[in-house]
Amino acid sequence: MLLLFCAIQEPGSWATRTAVEGPGLGEPGDPALLAGGRVKRGWVWNQFFVVEEYTGTEPLYVGKIHSDSDEGDGSIKYTISGEGAGTIFLIDEITGDIHATERLDREQKTFYTLRAQARDRQTDQLLEPESEFIIKVQDINDSEPRFLEGPYIGSVAELSPVGTSVMQVMASDADDPTYGSSARVVYSVLEGEQHFTVDSKTGVIRTAVADLDRETQDRYEVVIRATDMAGQLGGLSGSTTVTIVVTDVNDNPPRFPQKMYQFSIVETAPVGTAIGRVKAEDSDVGENTDMTYQVKDEEGVEMFKVTTDSNTQEAVITVQKPLDYESKKVHTVVVEALNKFVDPRFVDLGTFRDQTIVRVSVLDVDEPPEFRPPSNLMEVQEDAHVGSIVGVVTALDPDTANHPVR
């Protein structure tokens, strides 16, 4: 009967159970004894463990093969075959001791399958059926967590509530997840904890404050650390940088940089002539800066028109009714700017509109005199002499006194 003994007393290697193959043991569920008192042969799986990354100077003891027919006279030769036999794993032909001669790495290969034989030293014939066994490489915590999907870029709207989910990061650990805590990773914020948190188990990043303001800072660089051994002292760690972009919401109203603008135009300008442009500034971006303009006072509505240039977001002021310098030299127009898309969540921040005054000076133009005939019909005698006065016709200059009629 061929026995495989576990190395429970050797540091760094052991087996979970002793494995036996040969007469004396039956397969599970089978009767142990056959007719005539013979015992049915059966296979029992065997497994040894050997620690990875062994740094000792001597070969690492793995386990021992022994046959119960071995009387210690050296007549039995023990051999092994299979993965790593003769290179990584060597066996003492006389004692059956197995040693690992190379430094093993579980992350490269987790186990080796071999077969053990007991042979007659003289004839090299098998004395009993060979037995298959496994040498499993025992994990140690030699691999730090790694973030493999970077670079990470996430986004969150400004003024989002505390706890708003931004994104998830995940680190992987090449150590054995089924053994100990070597591959059990927890997350923490290394830099940026003033504004963001991370779930220690899931790696979900969330906002830690409710006052993120894009107009003040539009991006953050947050360093997330992953530590194995469930974060215990001595665990290995790795880190990654997450770029979080703060996106815009319409939280800023339009504001005119000046409270008054002044323009001038000649009185003869035709209807539709552009007088000038004014623009309200908005700290937001994109469609949140789109706005419309309108004239708010009655006089301005009658005389002038305001349209919005969709490309520049400027208010274009044009003549809507003919101007007359002699009637009114200066017009005062109240122009109002308001956002197109108001977010109802932020109406409590204040009114999303602003007003400015536009003063339009009408410039005089030298207009021709206007003749004003008498209101009554002029009559003349048929025998009137040449040069006789028939009547008087007057001409008035509609401009100022600086332009007399000649």
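Amide H to amide H under 5 Å from residue 127: which residues, 5+ apart in sequence or cross-chain, H placed 1.01 Å off N in plane?
For residue 127, whose amide H was placed from the backbone, the distant partners under 5 Å are 118, 119, 120.
Carbon and sulfur atoms: what percent of the 1.4 Å accessible area of region 47-138 do they account for?
Working: 2040 of 4480 Å².
Of the solvent-accessible surface of region 47-138, carbon and sulfur hold 46 percent.
Provide the per-residue ³J(HN,Hα) series for region 167-173, in order, calculated from phi with Karplus coefficients 6.51, -1.76, 1.60 and θ = phi - 60°, each as a whole number of Hz, with x at glycine and proline positions.
5, 10, 10, 9, 10, 10, 10
What does the extension gain come out to for residue 351 and residue 271, with contour length at 0.36 nm per residue minus their alpha carbon separation?
Working it through step by step, the gained length comes to 25.5 nm.
Out of residues 5 or more away from residue 276 or on other chains, whose amide H comes under 5 Å of its own, with H placed 1.01 Å from N in the peptide plane?
317
What list of ³J(HN,Hα) values in whole Hz, one per residue of region 226-241 in order, does the Karplus curve 6.51 cos²θ - 1.76 cosθ + 1.60 (θ = phi - 60°) give from phi, with Gly and Pro shown as x?
Calculated HN-Hα couplings, in order: 10, 10, 7, 6, 6, x, 6, 4, x, x, 8, 9, x, 9, 8, 9 Hz.
Mind jotting down a quarter of the surface of the convex hull over the alpha carbons of region 146-247, in square nanometres, one decimal?
Directional mean of the projected Cα hull area for region 146-247 stands at 6.1 nm².
Using label points projected 7 Å from each Cα along Cα→Cβ, tell me how many nm separate residue 209 and residue 95, to one decimal.
6.8 nm
By the scheme Lys and Arg +1, Asp and Glu -1, what is the net charge of all other residues having a beta-carbon under 14 Å from that of residue 258?
So the surrounding residues net to +2.
Say R0 is 51 Å: what FRET efficiency, to the nearest 0.05, do residue 81 and residue 201 get from their beta-carbon distance?
Efficiency, from the Cβ-Cβ distance: 0.65.
In region 251-366, what percent of the accessible surface is made up of carbon and sulfur (1.4 Å probe, ligands and nucleic acids excluded)?
On the way: 3090 of 6170 Å².
In region 251-366, the share of accessible area belonging to carbon and sulfur is 50 percent.
Given the Cα-Cα distance of residue 326 and residue 190 and 0.36 nm per residue of separation, how much length would full extension add, in nm?
Additional length available on full extension: 41.5 nm.
Please compute the Kirkwood hydrodynamic radius over region 260-363, one decimal place, Å, based on all pairs of different Cα atoms.
14.5 Å
Per residue, how much accessible area does region 47-138 show when a 1.4 Å probe rolls over the protein heavy atoms, in square angstrom?
Numbers: 4480 Å² over 92 residues.
Ligands and nucleic acids excluded, the result is 49 Å² per residue.
Of the peptides 58-64, 88-94, 211-217, how do they stack up when ordered by the mean number of other Cβ atoms within 10 Å, highest first?
The most tightly packed comes first, giving 58-64, 88-94, 211-217.
What's the extension gain from residue 125 to residue 105 if we count 0.36 nm per residue and subtract their Cα-Cα distance?
That works out to 3.7 nm of additional length.
Please report, in whole Å, how far the alpha carbons of region 47-138 spread along each principal axis, starting with the longest.
40, 25, 20
Ratio to report: Rg/Rh of region 146-196, with Cα atoms as the point set and Rh obtained by the Kirkwood method; give two decimals. All intermediate terms of the calculation are to be shown ahead of the outcome.
Working: Rg = 14.4 Å, Rh = 13.5 Å.
The Rg/Rh ratio comes out at 1.07.
What distance in nm separates the two pseudo spin-label positions at residue 71 and residue 249, each 7 Å out from Cα along the beta-carbon direction?
The answer from the label model is 9.2 nm.
To the nearest Å, what is the center-to-center distance of region 298-367 and region 143-192, using C-alpha atoms only?
If we compute the Cα centre of each part, the gap is 54 Å.
Return the carbon/sulfur percentage of the accessible area of region 146-247, one whole number, probe 1.4 Å, all protein chains in place.
Carbon plus sulfur share of accessible area: 49 percent.
Counting only heavy atoms of the protein chains, get the accessible area per residue of region 260-363 (1.4 Å probe) and round it to a whole Å² value.
On a per-residue basis, region 260-363 sits at 52 Å².
Once phi is turned into ³J(HN,Hα) by the Karplus curve 6.51 cos²θ - 1.76 cosθ + 1.60 with θ = phi - 60°, what whole-Hz value does each residue of region 273-285 show in order, with x for glycine and proline?
The phi angles translate into 5, 6, 8, x, 10, 10, 9, 8, 8, 9, 6, 6, 10 Hz.
Quick one: which residues, 5+ away or cross-chain, put their amide H under 5 Å from the amide H of residue 67? H built at 1.01 Å from N.
Answer set, sorted by chain and number: 3.
The values are calculated or read from the model by the stated rules, or taken from the named source; none is laboratory data. As the structure is a computational prediction, the values presented were derived from the model and not from experiment. Quick reminder, even Gly has a Cβ in these numbers, built from the backbone with ideal geometry, and neighbours come from all protein chains shown. Ligands, DNA and RNA are excluded from the accessible area calculation, which covers all protein heavy atoms including side chains. Shrake-Rupley method; radii C 1.70, N 1.55, O 1.52, S 1.80 Å.
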